[in-house]
Every structure is written in C-alpha cells, then in structure tokens.
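Undergrad: Structure provided below as structure tokens; questions to follow.
Just so it is clear, none of the values below were taken in a lab; they were calculated from the coordinates. Here the structure is a predicted model, which is why all the values come from computation and not from measurement. Counting neighbours? That spans all protein chains shown, and the Cβs are built from the backbone with ideal geometry, glycine included.
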Amino acid sequence: MTLVVAFTGRIGAVICGDRREIRFYEGGAVETLEYELYNGSIRTDNELMKRASILGVPIEIRDDKNKISISDDYGVLVGVVTSRSAATERQRRMYLAPGRYLIAEVADGGVRIAETGESVFLAFGSAVAKKICYDVLNRAKRPKKLSNAVTLLMRAMESVSQKTASVSQAYDVMQTPPLPGDMEKSLRKALLRDVSENCWRML
C-alpha cells in the first residue's frame, strides 16, 4: 500500500510520501494476507514475511517507489497513490500550492477533479494508515510556521511506519513556501500538464 500525507495553508505547503510497494503474486490466501496487512494486524516486515509464508503467498517488498514530486514551473507539490487490478489501474493524485489543493482521480485514461479547497491536512492510504496518521495530526496544534508543519508530518509518517508494515520507514519530504500569483490557476496548470504528458482525457 502506501501513505502520502500533506498540509497546505497560508504558511506554505508540505508533502511526505513513503516509498513502499508490495507485490502479491498468485498462490495461497492472498485476500487473507491483504486484509490482515491493511487492517493493521501485521506491524513489522518480519511479521509480514512470516505470515506470507504461512499463507503460501509469494510477495515482493520494495522501498524505492517515488510517490511525491514538485512541478518546478508552478511550485506545485504532487502526491500519487496507485491501485491495480487485473482489469484497470487507478490513481488518486493530490496537487498542493500554498493555501490551495486539488484532488484528481484517474481511471481508464480519464481524469476527473474530485475535490478542491483551501487550507487542509490530507492523507492518502489504507484506512488504518490514515487513522494512525490523523490521530497524530488531530492531537497537534495547527502549525504556525512551515517548519512546524514539516516536523508534524514527519512525526505522522514515523508513527504509521511503526504500526503497520504497509508503509515503509523511509519516506520523502518536499515543501514550498508562500508564493505570489493565483494558486488555483497554478494547480490546474500542473494538472493539465500531467494530462497532456500522459495522454489522458479530462472528464
């Protein structure tokens, strides 16, 4: 699975993304393993490998997937989570600029804007990862400086990685300070550039 967590406000925007990718191969009780992993029953990599062996599920764990980036032209931060099935690949994408965000969903080559808004904390991931993450965020004071927001999101990432093997201990962090200009336009320009580069179509 994955975890991408972000904050945007007048003080700037920051995003963190873990690097884990887990591939489940045919054989054994795959659905059981996925359920136990994503509900928080499996906390460590050793527990995951042991349980996969017991259930007869071949798996591959990689911690080299980059899930966040920055659009240099517009200063927009981008986070992506991907889910795959035999029939299709879907993405949820968050675009952040200081004080604004946009969430887009991609499926079957089509893109739709699912949500837009202003200052907010956002988290993409499994239900258990998001719960742990929001438990940390909701206990904290709203950040008054961008450095406070960075520290808070890092604390959330580390808390999640200690409690579920679905998220790697390694993660990436990117930030952007307050910027001049129309942030709403910057978000949409960054999205449209991704649409063009990937030959998607807007819905």
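Undergrad: Could you work out how far helix 45-55 tilts from the main Cα principal axis of the chain, as a 0 to 90 degree angle to the nearest 10?
TA: 50 degrees
Undergrad: Return the sequence-ordered ³J(HN,Hα) values of region 112-118 in whole Hz as given by the Karplus equation 6.51 cos²θ - 1.76 cosθ + 1.60 applied to θ = phi - 60°, using x for Gly and Pro.
TA: Each residue's phi maps through the Karplus curve to give 10, 7, 8, 6, 9, x, 10 Hz.
Undergrad: Please compare each pair in Lys130/Lys189; Lys65/Lys130; Lys67/Lys185; Lys65/Lys145; Lys141/Lys185 to a cut-off of 26 Å on the Cα-Cα distance and tell me which ones are over it.
TA: With Cα atoms farther than 26 Å apart: Lys130/Lys189; Lys65/Lys145; Lys141/Lys185.
Undergrad: What is the Cα centroid distance between region 56-91 and region 1-39, reported in whole angstrom?
TA: 9 Å
Undergrad: Then there is this: For every other residue with a beta carbon closer than 13 angstrom to the beta carbon of Glu60, add +1 if it is Lys or Arg and -1 if Asp or Glu, then tell me the sum.
TA: Neighbour charge sum, excluding Glu60 itself: -1.
Undergrad: Quick one: Karplus J couplings for region 174-187, per residue in order, coefficients 6.51, -1.76, 1.60, θ = phi - 60°, nearest Hz, x for Gly and Pro?
TA: 9, 8, 9, x, x, 10, x, x, 8, 5, 4, 5, 4, 4
Undergrad: Counting DSSP beta bridges with both partners in the chain, what percentage is antiparallel, nearest 5?
TA: Of those bridges, close to 95 percent are antiparallel.
Undergrad: In whole Hz, what ³J(HN,Hα) sequence does region 139-150 give by Karplus (6.51, -1.76, 1.60; θ = phi - 60°), x for Gly and Pro?
TA: After applying 6.51 cos²θ - 1.76 cosθ + 1.60, I find 7, 8, 6, 4, x, 9, 10, 4, 4, 5, 5, 4 Hz.
Undergrad: Given the -39500 (n - 2.57) contribution per DSSP H run of 4+ residues, what per-residue ellipticity at 222 nm results for the chain, rounded to the nearest 500 deg cm²/dmol?
TA: -10500 deg cm²/dmol
Undergrad: Identify which of Ala149, Ala170, Ala97 has the largest mean-square fluctuation in a Gaussian network model of the chain, with springs joining Cα atoms closer than 10 Å.
TA: Looking only at Ala149, Ala170, Ala97, the largest GNM fluctuation is found for Ala170.
Undergrad: Which of the three applies to region 41-83, rounded, prolate or oblate, going by the alpha-carbon gyration tensor with a ≥ b ≥ c and a/c under 1.5 meaning rounded?
TA: Here region 41-83 falls in the prolate category.
Undergrad: Can you list, bin by bin at 5 Å, the percent of alpha carbon pairs in the chain, starting at 0?
TA: Cα pair-distance distribution for the chain, in percent: 1, 8, 16, 18, 18, 15, 11, 7, 4, 1, 0, 0.
Undergrad: If you don't mind, there's one more thing I want to ask. Sort largest first and round to whole Å: the equivalent ellipsoid semi-axes of region 37-118, each the square root of five times a Cα gyration tensor eigenvalue.
TA: On the way: eigenvalues 209, 53, 29 Å².
Gyration-tensor ellipsoid for region 37-118: 32, 16, 12 Å.
Undergrad: I would also like to ask the following. Excluding the sites themselves, what is the longest stretch of the chain that contains no GluC sites (Glu not before Pro) in a DSSP loop with at most 13 other C-beta atoms within 10 Å?
TA: That gives 27-117 as the longest site-free run.
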